[in-house]
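For reference, the structure is listed below as structure tokens.
The values are calculated or read from the model by the stated rules, or taken from the named source; none is laboratory data. Worth saying up front: this structure is predicted, and the values here are computed from it rather than measured. For neighbour counting, all protein chains shown are included, and Cβ atoms are generated from backbone atoms with ideal geometry for every residue, glycine included. Accessible surface areas use protein heavy atoms only, side chains included; no ligands, DNA or RNA. Shrake-Rupley method; radii C 1.70, N 1.55, O 1.52, S 1.80 Å.
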Amino acid sequence: MASLVDIDAEVGSEEDYEDEEEGIRRPKASNGALDDSSEEEEDDDEELAKAVAEGFIVDEDEEEEGEEEVRRPGKHRRKRRRAEREIEEEALDEEDLDLIGEHIEPKTTTKHKFKRLKQGHRQVRTAKSQNDIFSDDEDDEEGHVGYKERTEVDEFADFIESDEFEDEERDRMIEEQEVARPGRKPLTGFADIDISGFDEQTMEDYRAAFGDGNEYEWALRMQAEADETAQDDTNALSLKDVFEPSQLVDKMMTDEDNVIRLTDIPERHQIARKAFRLATRTEGEAKELLKEEAKWIADLILPKKRFDRFMHEPLTAMVGKILDFMVTSNFEVPFIMQQRKDYLIYDRNANGDVEMSDDHYDGPAPEKLLNQEDLWDIFDFDLRWNGLVEKRDALNAAYSALRDAGEIDDPLINELLPKVVNVEDVQDLMDYFHFQYSAQLKDLSLMEQETNGALKRAKTRGARWERLRASRAYTLVRAVGITADAFAQNVSTSGPRQYTEDPAQLPDDLADALLDPPEFSTGQKVLQAAMAMFSEQLAMSPRLRRFIRQEFYYSARFDCIRTAKGAKTITEEHRYYEFKYLRNQDVSEMARRPELFLRMLKAESEGLVEVKITLINRDAFKQKLYSCIVSDNVSDIAEAWNRLRREMVDMAFEKLETHIARGVKETLKAECETQLAKACRGRFNEKLDQAPYKPKGTELGTTPRVLAMSNGNGVPGHDAVCWIFMDDDGRIPENGKYTDLRPGNPEKYLPDGKDVEKLVDLIKRRKPDVIGISGFKVEARKLYKDVQEIIDKFDLTLEIDDPDEETSKVEVIMVNDEVARLYQSSPRAAVEFPSFPPLGRYCVALARYLRNPMLEYASLGKDITSINWDPNQDLVPKEKLFKYLETALIDIVNLVGVNMHEATSNPQIANLLQYVSGLGPRKANHILTVIGRNGGNLKLRSDLVGDDERGIAPAVGATIFANCASFLYLEYDETDDESDYLDSTRIHPEDYDMARKMAADACDWDEEDIAKNGIEAAVREFVREEMQAKADELDMDEYSQRLLIHFNLRKRATLETIRAELQAPYEELRRSFLPLTHDEIYTMLTGDTLDSLQEQMVVPVKIRRVFQDHIEVRLTNGLEGGIGAEQYPDGVGGDRGVDPRTVYSTHQTVQAKILYLNRKALTAQLSLKEDVVRRPFRRHLDHLPGEWDHEQEEADRKTAQAAKEAVAGRPSRVIKHPNFRAMNAKEAQEYLGSQSRGDVVIRPSSKGLDHIAVTWKVSDYVYDHIDVLELDKASPFELGKTLTIGGRYRYSDLDELIVLHVKGMARKVDEMMNDERYQSGTKAQTEQWLSTYTEANPRRSMYGFCINPKYPGWFWLIWKAGRDAKLMSWPVKVLPGGFELMKNSYPDMRALKNGFKMLYTSMNNGGR
């Protein structure tokens, strides 16, 4: 360190250099310890030099402050040198001291120069070295100057003696100077005393009096340690200093993430439960609470499982055991499913935890009561239970605090609090508690604040009611004759009948007698206040709320009432039309169709409908409420009071109806979202639960060699056929493109395409097991047919090793591309295959999907929600949807297992670790990190928990190891003595002894063989001698009985797993690869579902070719269609009609009705008959009588028809042009939604007969509406001969306008969007990208373009001139022949970018 200090000191400072120029020489130490330079202190350097020149002496306080702020890293070495010097001085005699006396003073000066260096610029130099990291030339120059000054430093060595030092330091210097003076030898230490004549006793007395010089060594050592700690804390960089908080969250590197990573509890359990803060309980209380929870969950599961009531007892016991696994043992669902499966099976003969007497059970045994989905439900129910208990504990704590203070003792809370079964019940009690005792809670809060010394303003909630309770007017409330809870008991029949008593006065008279000014100054005010108070008491009654809520769940009626906006917006083609007039739906119907109810709520949020929830028998129910509060007396007074009581019941019921209906709606919404998310999970599970494609003649689970091909959009002459070949190891040794794969036709003398021979040669050379084909359009089906024809024509067969297996041709299949579409444009694909085009990356994903679908789905992460699992999945929040999809991924990954040898070397396999039981993304990353530190490989499963003897650090704790061990397997190596065969199986390490015993029994080993060879050798013998068949002879019942009797373990089903794994470790348990159905291929290639495109729908079609007897058309989704001559309009075709070729032309778009849809062949038959097309399509809605408001529907239809007739009174225009449509702007946008960029609709204009509107598609969801002014019109209804746009562009006809103006702008939009600087996101996303780029490259500027959807035809040019610069933006307008920026026109993107740079430079130079 001393050498490092000297090297730093040799660099001359700017301060020294400036002093030298001014003729001022600053003192330099002989060892080169110079004051360093500092960028932050440059302003002070000149003042400092001036102060030194004037003889200014540095202040002591400043010097002390500088010493505290900056510490030299060599302080330990300095202390060591000082101690060594003292030892040497003790050993010197007087003559030696005389000889070196003259040199002590320079030493002292050097000492203090060293101190000045220490206080100076160490910290600043560090900062400068970071900022000037690229300034090599400047560093060299400074080093040269420093060397020059060092050679002249000694002649000014005495200059620093004028500095003023601390008192202790100055005294020590004086003492050293006295020692150095010849002829004067004062006794300043042990070195000056001649101790040669002292005996041992004298020396001991001397040391006792004066010490040995080491009395304060402990203080110096502590101070040095404190200085080192302070320096480390000051200079050490933490992650917070390097990354933004949002980056730390994204990278999972926060302190909270580290806690999750290192805590020995499953990661998903920690995250799910972190929101709950449950009270601490004793072991006994926790067990009782677990029993209560088990009963609560069993009550929820029993109706869904459709079990008989007598199964409640074993189900409750089973749920209790599972909760014990989850809560107490912290086991995750996959572990319970695989390693505790015996506890999911009910066996009446078992002596375990879930058994039942034979008197109640006559069914078969054993019976599996719960499946894996039920386990996930139990986990979710446990979280809901925690929320319920947390609220209940909070209420109980608040109530206990008031009760212990002697304030209250409420029988209602005492009775109902232990009986709460849902969050609504707890919330009802909480509302009642705060309403009833708001004043006491306020006083208690003030007392606590005074105790804690923090006074805050108390909440004034309920102050109105407290004033009423304290006034005379409250007497009128008591005079009602019955309490709110007594009334609730009457309604719910939860106790004996409570009778109402009438006062002796009329309500008005009693109110006049209870005036309490100023607030209650009249009888009317007293009466109104009393009615409001009593109705509020009724509305806050938890008993009444619970009863009415139950009544709503049993007898609620859902009515969907369309709003004025919905009447116009929801047409018969709208997705909301099926419930526009829906009436009289009950809760069970809504629960059976969760997507319907969620769409209703979505429509309500859009202001199109109102979903009303009322009781079916509302009037009868209110009459029941009246009967429970009125008195039986017959008199005018009794009648007046009963009338008042009914009014108060009406007031309370109106509040309760609104409150409870809102709660029922939210509860039902959450349940419907859950059901829909589960449906998505089920479909995802089907996709995950399929093994890799199995080549013929191989075992299930064998990965195939794949040739993947795609023609993209399949546009002839534009899109080539990309292909890649993936070998057995997943590598891609060959890839390429074909442009012509059309099979020839000898009958028509058509030769094969030029690339057919290349494809045949490729197949013969590479010998793929399967050819996978997919694409974006229907043309992919043509490629599929062409390749099949080539395979058949050239008789290309599979290579099969088994001679007994019959040879077959190479199979060609259509591959599901939902993962490939996401992968091709992902950053991961760009990193893995930077040289591949997007379509090539698409083919890579197709091949990988055939090799392992699960692996491809897992690689998507949260993007898995982008795949369409259900047409209505957009009604479920993405977070909730991902939560349920993730559970399916967790289930299948743990079923398949993860090869740890591959996980340490293959990132795609490593990605699966986060889904393993007990793990998560944080713990998975931690495991790989620890394995890397341990050498990069895993020998045994047990190495995960570490091995001190072998120097292996633990990667997981005991709980996590128990969860994940059986799902992480290692390939067995017979040649490696350390390798364990059981580590390659699904057998859990806790069952290794049982597995070894079973292997020994299968090998017929006796106790002597086991003692001789060891039980571990039995497994090796079992594998080596291939005795797997003998395992079938083992008696599993006997094993299970022994375990149950001796260890109280239920392992019957687990033993079957052990036997199966001994015979075939980690056998493929997934279903065979599922080929796509015809409907799935139809949806994949067209984007339409069975509902979105149906027969009898009227759709736009584009004419391809026109013949006398038929017309070939193409639908917007790519389907090919045909229109026969019999479906021509009247007067077209036939013997007497006009030639269809004179009516219809190629590329013309017309409206046609679908008569037949062939989803297998991807074709359609259509009609152009006017009467057929005129009949609108109506979806079939099956409703029971009374469920559809036909009267309202008919009234709305008449109103719409009247509006159309009123509009029809105005003249309408018809322009003879294939792009003309009688549409408004919204209809034009909907029509162009599925069209390509640049497509046009010409339509009438609302500005009058001398205007037309041209709508063209700029980009997805961006449409430009161009106003065209017509000039030189022959008549109001004819098209003008001159068409002008904005007074700037003039055209002679519509075709010229479309080609030169619209298509010209579309070409420029394409040029903009294909530019390397274009960003496809929003303006905010582009700004974020620029900020991220400049953060990574602080000294660079960057710019980019993005679309401005608010103003179609405009783009944003956004730039950031360095990391610290502000984001700036200019608008860019697209012109028919170029771009416009800051009123300057540019013909192309290159000119635009160069023009921008010139404008920016000019702006910075002060120009315009």
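Descriptive notes on the structure:
- Residue that is over 30 Å from ASN713 (Cβ atoms) and modelled with pLDDT of 90 or more, where the choices are ASP1196, ASP1182: ASP1196
- Looking only at residues in the range 735-785 that are among the polar types (S, T, N, Q) and surrounded by 16 or more Cβ atoms within 10 Å (Cβ to Cβ), the one that is nearest to VAL715 (Cα to Cα) is SER774.
- Some residue of the range 983-990 being touching a Lys or Arg at 6+ places or on another chain (Cβ under 9 Å), surrounded by 18 or more Cβ atoms within 10 Å (Cβ to Cβ), charged (D, E, K, R) and in contact (Cβ under 8 Å) with a residue 60 or more places away in the chain: no
- Unique match (being under 25 Å from VAL1023 (Cβ atoms), hydrophobic (A, V, I, L, M, F, W, C) and part of a loop (DSSP other than H, G, I, E, B)) among LEU944, LEU938: LEU938
- Filtered residue count, the range 254-268, keeping only those that are farther than 15 Å from PHE961 by Cα and of a type outside the set (D, E, K, R): 4
- Just one of the listed residues (ALA1228, ALA1195) is hydrophobic (A, V, I, L, M, F, W, C) and out of contact with any His (no Cβ under 9 Å at 6 or more places or on another chain), namely ALA1195.
For every residue, the table says whether it meets (1) assigned to a loop (DSSP other than H, G, I, E, B); (2) open to solvent by 90 Å² or more (accessible area, probe 1.4 Å); (3) not hydroxyl-bearing (Ser, Thr, Tyr).
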| site | (1), (2), (3) |
| --- | --- |
| ALA1031 | no, no, yes |
| TYR1039 | no, no, no |
| THR1054 | no, no, no |
| PRO1065 | yes, no, yes |
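- Test: residue in the range 1003-1012 that is open to solvent by 20 Å² or more (accessible area, probe 1.4 Å), closer than 16 Å to SER966 by Cβ and not hydrophobic (A, V, I, L, M, F, W, C): no
- Unique residue being modelled with pLDDT of 90 or more, open to solvent by 50 Å² or more (accessible area, probe 1.4 Å), under 30 Å from ARG593 (Cα atoms) and charged (D, E, K, R) when the list is ARG1159, ARG1104: ARG1159
- Some residue of the range 1363-1371 being touching a helix residue (DSSP H, G or I) at 6+ places or on another chain (Cβ under 8 Å), open to solvent by 60 Å² or more (accessible area, probe 1.4 Å) and either of a type in the set (Asp, Glu) or in a strand (DSSP E or B) (or both): yes
- Filter pass, SER979 being closer than 30 Å to ARG261 by Cα and modelled with pLDDT under 90: yes
- Selection within the range 321-342 - open to solvent by 20 Å² or more (accessible area, probe 1.4 Å) and assigned to a helix (DSSP H, G or I): LYS321, ASP324, VAL327, THR328, MET337, GLN338, LYS341
- Matching entry among THR1199, THR1163, THR1149, THR1142 (being hydroxyl-bearing (Ser, Thr, Tyr) and free of Cβ contacts under 8 Å to residues at least 24 places away in the same chain): THR1142
- Residue that is farthest from ASN1219 (Cα to Cα), among those in the range 1077-1101 that are surrounded by 13 or more Cβ atoms within 10 Å (Cβ to Cβ) and of a type in the set (A, V, I, L, M): ILE1081
- One residue from MET1382, MET1389, MET1403, MET1398 being closer than 30 Å to LEU1297 by Cβ and open to solvent by 70 Å² or more (accessible area, probe 1.4 Å): MET1382
- Those residues of the range 498-549 which are part of a helix (DSSP H, G or I), open to solvent by 60 Å² or more (accessible area, probe 1.4 Å) and more than 30 Å from GLY663 (Cβ to Cβ), in sequence order: ASP508, ASP509, ASP512, GLN524, LYS525
- Across the range 1211-1252, the number of residues qualifying as without any contact (Cβ under 8 Å) to a residue 60 or more places away in the chain, open to solvent by less than 10 Å² (accessible area, probe 1.4 Å) and under 47 Å from the mean Cα position of the chain (by Cα) comes to 4.
- Pairs where the first residue, in the range 960-977, is under 17 Å from SER917 (Cβ atoms) and the second is of a type in the set (Phe, Trp, Tyr), C-beta under 6 Å, 6+ apart: ASN963/PHE335; TYR969/TYR1066
- Flag for ALA603 being closer than 19 Å to ALA661 by Cβ, touching a residue at least 24 places away in the same chain (Cβ under 8 Å) and in a helix (DSSP H, G or I): yes
- Test: residue in the range 991-1001 that is assigned to a loop (DSSP other than H, G, I, E, B), among the hydrophobic types (A, V, I, L, M, F, W, C) and crowded, with 18+ Cβ neighbours inside 10 Å: no
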